[in-house]
Amino acid sequence: MIPRGLNFKMFLQELAAFGLVGVIGVFSAGAIRQSGWAAGASATAPAALPWWQFVFAFGIGTAIILGLTRISHGGFFLRLFFLFAIFSGVLITLGVFLPGNLPLIFSLILIIFYIIWPYVWLHDLILILTLPGIAAFLGVSINPWAAVVILIFMAVYDYIAVYKTKHMVKMAKAMIADRAIFAMIFPEHWRGFGARLNEARPGEGFMMLGTGDFVFPIIMAASAYAVSVGAAWLVFGFSLVGLLFMHLIFISQKVRKPMPALPPLAVFSILGFALAVIFKI
């Protein structure tokens with residue numbers, strides 16, 4: 001899924017996208033906690049959504065996507081599922097910052113533009129608006145220690161799904177073919193942002209980083225908000241270090257192949273949370 005000859009320009013794109021998602025996500029988590037959006041959440045006491053319920057819901061969602069990649073003719077249902085997911089995410093993110101019906105109006109406009117003009121730059125922009133709200137909303141609904149368990153589980157799952165069962169790689173190829181790309185797209189050259197989605201192929205001038213690699217560390221950061229604001233930002237800061245290590249691990253491969261990006265991100269995110277708790281940051 002990742003091209004040979006990864007250059008520094010690509011890493012900067014990756015860092016910028018991850019940074020934007022993280023900053024918006026942490027700010028969103030604070031706003032959500034103060035507003036009490038998440039059931040049972042407040043500025044002082046987080047909701048206690050059990051980790052196993054989250055994992056169960058994730059399993060159902062994965063099964064749905066796998067099923068759609070196998071049975072949907074022409075990718076219509078998978079595409080529909082993807083559009084609904086990004087519409088919901090953009091609506092949540094904008095709803096944190098905009099009043100009244102403005103989030104709904106802007107979300108509809110963005111999705112319509114995306115359907116009519118499916119360019120790489122618009123795809124990335126919409127995902128940058130989609131992921132923070134989802135991550136923040138889930139994060140404030142989960143106890144920080146449950147978030148640690150979830151992050152460990154997802155890192156192990158990512159490793160198995162890429163290296164052992166390889167179903168993650170197959171699923172990604174099917175979603176790319178159906179233009180339901182649950183991944184950020186980074187072109188080797190700036191002109192690649194002007195390409196249409198059907199022209200963006202991993203290993204052919206484009207790199208893709210899955211949305212889960214963005215969402216789960218930010219869920220950890222948003223959940224850490226229950227400990228302190230400093231803890232949330234420390235987790236996010238350490239996740240950026242994890243992003244760098246993920247990049248270094250990838251370019252150190254003798255043969256460039258798809259790799260699970262979440263394990264190094266998870267390790268450093270959890271390390272950041274542990275330090276925040278130990279030193280009462």
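Read the figures in this text as sums done on the coordinates, not as results from a lab. On a predicted model such as this, the values are computed, not experimentally measured, just so you know. When we count neighbours, we look across all protein chains shown, and the Cβ atoms used for this are built from the backbone with ideal geometry, even at glycine.
Brief remarks follow.
- Value of relative contact order over region 97-214, rounded to a whole percent, pairs C-alpha under 8 Å and six or more apart: 30 percent
- The simple Förster model, with R0 at 35 Å and r as the Cβ-Cβ distance, assigns Ile109 and Ala177 a FRET efficiency of 0.80.
- Listed peptides 190-199, 242-251 by packing density, highest first (mean Cβ within 10 Å): 242-251, 190-199
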